[in-house]
1. What number goes with the only condition from (1) aliphatic (A, V, I, L, M); (2) under 14 Å from L25 (Cβ atoms); (3) open to solvent by less than 60 Å² (accessible area, probe 1.4 Å) that A87 does not pass?
2. Please verify whether the stretch 57-68 includes one or more residues that are at pLDDT below 80, under 13 Å from P29 (Cβ atoms) and either surrounded by 12 or more Cβ atoms within 10 Å (Cβ to Cβ) or among the hydrophobic types (A, V, I, L, M, F, W, C) (or both).
3. Restricting to the stretch 22-44, count the residues that are free of Cβ contacts under 8 Å to residues at least 60 places away in the same chain, closer than 12 Å to I62 by Cα and among the basic types (K, R).
4. For A110, only one of the following conditions fails: (1) modelled with pLDDT of 55 or more; (2) open to solvent by less than 80 Å² (accessible area, probe 1.4 Å); (3) not aromatic (F, W, Y). What is its number?
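The values are calculated or read from the model by the stated rules, or taken from the named source; none is laboratory data. As the structure is a computational prediction, the values presented were derived from the model and not from experiment. Every residue, glycine as well, gets a Cβ built from its backbone with ideal geometry; the counts of neighbours run over all protein chains shown. Calculation scope for accessible area: heavy atoms of the full protein, side chains included, ligands and nucleic acids excluded. Shrake-Rupley method; radii C 1.70, N 1.55, O 1.52, S 1.80 Å.
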Amino acid sequence: QGRLREGGRVSELVFRFTCAIAAGLHARPASMLSAAVRAYAAAVTIRKVDTPAVDCKSVLSIVSLDVQDGDLCEIRAEGDDAAEALAAARMCIEELIAHGEEPGPPLAPARATSTPRELREAASGVVTGRGVCPGVAIAPA
């Protein structure tokens, strides 16, 4: 679907889809979608039907939509390379729906570390965990 502008060229194209990604468009699929359209000059937006559109080149904007499995969405592209940008977005969404996300990197094995003396002496109830990435850890609650 598209809208014509002067000269008969398509200026805006729309791709509508129902999200069939089990966990919705959370950070990883949003990042994949954003990366798919970022290289194009076209203005690309995404929205859930009945909500305002957001910039499809921004991961945080996509995540802010809180798209869940079963939500009806549309992606719009406008500009000289709109057809290519929308084709890239469509291919990304279809890949995510068909094959899901790629698995994330394996978690680093837990390594033994000693508790700093100050914490041992303070008896603060130290909880050890397994590093996921710098600054984040998984540990029992």
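1. (2)
2. First, the residues of the stretch 57-68 that are at pLDDT below 80: none.
No; the residues of the stretch 57-68 include none that is at pLDDT below 80, under 13 Å from P29 (Cβ atoms) and either surrounded by 12 or more Cβ atoms within 10 Å (Cβ to Cβ) or among the hydrophobic types (A, V, I, L, M, F, W, C) (or both).
3. 0
4. So A110 meets the others, but not (1).
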